[in-house]
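The values are calculated or read from the model by the stated rules, or taken from the named source; none is laboratory data. Just so it is clear, the structure is predicted and the values come from calculations on it, not from any experiment. In this analysis, Cβ positions are derived from the backbone assuming ideal geometry, glycine residues included, and neighbour counts consider all displayed protein chains. All accessible areas refer to the heavy atoms of the entire protein, side chains included, with ligands and DNA or RNA removed. Shrake-Rupley method; radii C 1.70, N 1.55, O 1.52, S 1.80 Å.
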Amino acid sequence: MTNTFSLAAFQLPILRQRLNAKLETNLTCDRSLVRRREAVAALSLSLLGVNARAQSGVPNKPIRLVVPYTAGGMATGQLTVLQQKLLQNTGANLVLDYRPGASGTIGVDIVLKSPPDGYTLGWAGMGLFAIIPHLVKKLPYDLSKDIQYITPIGTIANVLVVHPSIPANNLRELVELSKKQDLTYALTAVGSSMHLSMESIIAESGLKIRSVPYKGDTPAFLDVVPGRVPVMLNTAPGVLQYVRSGKLKALGVTTAKRSEQLPDVPTLMEQGFKDIDIRGTFIFFGPAGMPPATLNWIHRELARAIDSPEVRAALTEFGTDAKSMSVADTAALVRAEDRQWGALVKKLGITWE
């Protein structure tokens, strides 16, 4: 008995040690398994969150907005206001990417050749969709199938301005002056509504004037403001600061109603030119094939920003009547403008190539 007890007493600590070691091993394995399961669960939740985010259309990285014009001026002013409101509303970062060239078609091509994931959008004047297709035989894209129209930012009046040294206070006086001296005007975008507005003015009024082409507003104003090229037709947002400061003189606006920002400037219709009722429209667009959830999110948030009281008030100061439209109504607007501008291009016999 003594020997047996002594052997048991001797072996018990060893057995206990082995049992504890085995238990610790099992617990370690269990903890490792728990950690692995927690990691898998966390990853699953993360993936579910990413998937839900993707399905909702909410962006998780900056959105590139291609602007087919030079930086500065009207485009930058308007888009910066909208950019700030979109960031405030959603946290989405809209990055402006200026890609001028070929009257804007280079920028449009970049957008339409981008993946339709909602991370590359464009913003451009109606002329790129409803005028230029009537001026060129072949574009690098097909507007009947490659584009997704989203919403306008609003409508803008065009304004005929001259350098203060020009002795004319209205269009008729400018026409009379053009019969006596050589006049030039700055053409900032071939195929734009401003271009066709000017051609309409020339055709209806008998104005004798030559165009001087520029690659965008900014370089054009560098010659117009000092008077080297004394005449220009540009958007109200583009000329407003120069007219208010007295650096340029406004002779008339191209819309049926006077501009709220230039209430003392008569319309060209008031001056007797009844067929001149033209306004500019700038549109957000993207490549065709965007997922419905992505398109819906983009349209909803752009419209919410555009129609907000703060943005509307700010854009009014830029001479823009801000108002969003549905996706379907935006496409219908482009089709209507395409018919209108196409008829005018044919009437005036304007060609680009």
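Annotations
- Residue within region 102-109 that is open to solvent by 40 Å² or more (accessible area, probe 1.4 Å), more than 24 Å from Ser197 (Cβ to Cβ), modelled with pLDDT under 95 and among the small types (Gly, Ala, Ser) present: no
- Pairs where the first residue, in region 156-182, is free of Cβ contacts under 8 Å to residues at least 40 places away in the same chain and the second is acidic (Asp, Glu) and open to solvent by 10 Å² or more (accessible area, probe 1.4 Å), C-beta under 9 Å, 6+ apart: Pro167/Glu173
- Filtered residue count, region 305-324, keeping only those that are under 15 Å from the mean Cα position of the chain (by Cα) and open to solvent by 90 Å² or more (accessible area, probe 1.4 Å): 1
- Test for Gln261: is it surrounded by fewer than 22 Cβ atoms within 10 Å (Cβ to Cβ), modelled with pLDDT under 95 and in contact with a helix residue (DSSP H, G or I) (Cβ under 6 Å, 6 or more places away or on another chain): yes
- Taken over region 130-145, the criterion of being among the hydroxyl-bearing types (Ser, Thr, Tyr) and open to solvent by 70 Å² or more (accessible area, probe 1.4 Å) is satisfied by Ser144 alone.
- Any chance Gly349 is out of contact with any strand residue (DSSP E or B) (no Cβ under 7 Å at 6 or more places or on another chain) and open to solvent by 40 Å² or more (accessible area, probe 1.4 Å): yes
- Qualifying positions in region 263-285 - of a type outside the set (A, V, I, L, M, F, W, C) and part of a loop (DSSP other than H, G, I, E, B): Pro263, Asp264, Pro266, Glu270, Gln271, Gly272, Lys274, Asp275, Asp277
- For Val243, the test of being open to solvent by 20 Å² or more (accessible area, probe 1.4 Å), in a strand (DSSP E or B), at pLDDT 90 or above and not basic (Lys, Arg) is failed.
- Test: Asp146 is among the charged types (D, E, K, R) and closer than 23 Å to Met74 by Cα: no
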